[in-house]
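The next block holds one structure in the form of structure tokens; read it before the comments.
The values are calculated or read from the model by the stated rules, or taken from the named source; none is laboratory data. Bear in mind that the values here come from a model prediction, so they are computed numbers and not experimental data. Glycine gets a Cβ as well: all are built from the backbone with ideal geometry, and neighbour counts include every protein chain shown.
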Amino acid sequence: MPNHKKTIVAIERCMRYEINEVREALSKAVQPFGGLEEIVAPGQKVLIKPNLLAAAAPAEAVTTHPVVIKALVEMVQDAGGEAFIGDNPGNDDQQVTLNKSGLQEIIDQTGAKKLIFTDSKDYKVSGFKERLIPLARELNQVNLIINAAKLKTHALTGLTGAVKNNYGLLYGKIKKRYHMEHPLPLDFSRLLIDIYLAVKPELSIMDAIVAMEGTGPRRGKPRQLGLLMVSPSAVALDSVAAEITGFLPAQVTTIAAARELKLAGVFLEDIEIRGLKLEECRVKDFDRGPGGHGKISRLIAGFPLAYLRNLIYDRRPYPRVDLKLCSECGICAENCPLQVIDCGGGIPEFDLYECIRCYCCQEHCAEGAIRLDNKQSP
């Protein structure tokens, strides 16, 4: 049954990555929560956690835009807090990723500090089950976390938004192991929910000024939506993002998982929208990628979750290599959790019978040579 306590999601219009415009929109968006000065106390250490999936330029819409992070850092500092920036990128070195994404420049301009993850600490969580989540030990150095996500499609979970952004607070290569242990989209999303419950970000912000549509989270197309969204609930933020972009809730497996636990903000009727109205924000022609289109996908959304999990898994596309783009670098094989990619002959060869379709190869391919093909099968 729906939770009858309303969860607030604030939506503001912002059409450009111009610092004054972004700060004004963010300032309006946090007003329903008393402003950032009600969230950040003087002297507190605040981690701003961007989406730093890979070393990509801001215009590619792969990472949270540096101007959004700059505005957040300045607002934290104005509230008397000490700002930190930290994430665990996929295959790319953290410093390389900071440089390419434009965040190192923001760190230099604002005096924010880098939070570099060097070790892990187990955090106990009771979500879908009691388990220990190995988050970065350095989280002990901060008082609260602001989760600064990017609105993008994702071939595995439908959308990658505020809930999934917390995955980057795991330490080291544990992300690869978790993909191997949780190959089904819904099972993986249950893990993502447990990680979110362990992290407990104080506030979640979604950069949807320019989102990513199509085959995200790295090889989709930038799409201007002109929106900044804020909520204390990452679940509610993702639910609103799904509604705006035309996803059914069950097509976004993090939302499907959150509904199993009946988390606050998982039903639209339990969300109070401030600022822009949903009718002003919906995008009718948003390209939702492999998991968000077609009659089969919409039929799946009406089935019980047990059927949903299996049907989505069976219908997901397999990776294939575009020979014209492949540089034979071997990064796809290096990042395959099950090591089912053979680059011994130069061009990657996939063992599709063993492939769990986690799409780590596609996310980490710097050349965009890994494509997803529904027609290819073992």
Can you find a residue in segment 284-291 that is within 16 Å of the chain's Cα centre (by Cα), on the phi > 0 side of the Ramachandran plot and outside the structural domain of Ile145 (by TED's automatic domain parsing)?
yes
In this structure, is Glu354 surrounded by 14 or more Cβ atoms within 10 Å (Cβ to Cβ), more than 30 Å from Ala29 (Cα to Cα) and either of a type in the set (Asp, Glu) or at pLDDT below 65 (or both)?
no
From the options Lys173, Lys121, residue that is in contact with a strand residue (DSSP E or B) (Cβ under 7 Å, 6 or more places away or on another chain) and assigned by TED's automatic domain parsing to the domain that holds Gly246
Lys121
Any idea which of (1) modelled with pLDDT of 95 or more; (2) outside any loop (DSSP other than H, G, I, E, B) is the one Val62 doesn't satisfy?
(2)
Output yes when any residue across segment 19-29 is surrounded by fewer than 19 Cβ atoms within 10 Å (Cβ to Cβ), among the acidic types (Asp, Glu) and not in a helix (DSSP H, G or I), and no when none is.
no
Restricting the first residue to segment 64-76 and requiring it to be under 12 Å from Ala149 (Cα atoms), which pairs with a second residue that is hydroxyl-bearing (Ser, Thr, Tyr) and not in a helix (DSSP H, G or I) meet a Cβ separation below 7 Å and a spacing of at least six or different chains?
His65/Tyr17
Before we move on, is Pro134 over 13 Å from the mean Cα position of the chain (by Cα), buried (at least 24 other Cβ atoms within 10 Å of the Cβ) and touching a residue at least 40 places away in the same chain (Cβ under 8 Å)?
no
Being of a type outside the set (Phe, Trp, Tyr), touching a helix residue (DSSP H, G or I) at 6+ places or on another chain (Cβ under 6 Å) and under 11 Å from Leu159 (Cβ atoms) narrows it down to one of Ile271, Ile244, so name that one.
Ile244
Quick check on segment 190-230: of everything there that is under 15 Å from the mean Cα position of the chain (by Cα) and polar (S, T, N, Q), which residue is modelled with the lowest pLDDT?
Thr215
So if I check each of Lys49, Lys45, which one is over 18 Å from Gly275 (Cα atoms), surrounded by 22 or more Cβ atoms within 10 Å (Cβ to Cβ) and touching a residue at least 40 places away in the same chain (Cβ under 8 Å)?
Lys49
Tell me which residues, restricted to segment 67-111, are small (Gly, Ala, Ser), part of a helix (DSSP H, G or I) and in contact with a strand residue (DSSP E or B) (Cβ under 7 Å, 6 or more places away or on another chain).
none
Looking at Thr110, Thr160, can you tell me which residue is polar (S, T, N, Q), in the same structural domain as Ile48 (by TED's automatic domain parsing) and either in contact with a helix residue (DSSP H, G or I) (Cβ under 7 Å, 6 or more places away or on another chain) or without any contact (Cβ under 8 Å) to a residue 40 or more places away in the chain (or both)?
Thr110
Subset tally (residues that are farther than 18 Å from Ser204 by Cβ and either outside any helix (DSSP H, G or I) or not assigned by TED's automatic domain parsing to the domain that holds Lys164 (or both)) for segment 248-267:
2
Answer yes if at least one residue in segment 89-100 is closer than 21 Å to Leu203 by Cα and among the polar types (S, T, N, Q), and no otherwise.
no
Pick out the one residue from Glu138, Glu105 that is assigned by TED's automatic domain parsing to the domain that holds Leu47 and over 29 Å from Arg190 (Cβ atoms).
Glu105
Quick check on my filter: what residues within segment 137-158 are buried (at least 23 other Cβ atoms within 10 Å of the Cβ) and at pLDDT 95 or above?
Ile146, Asn147, Ala148, Ala149, Lys150, Leu151, Lys152, Thr153
Selection over segment 234-247 where residues are surrounded by fewer than 24 Cβ atoms within 10 Å (Cβ to Cβ) and not in a helix (DSSP H, G or I) yields a count of 1
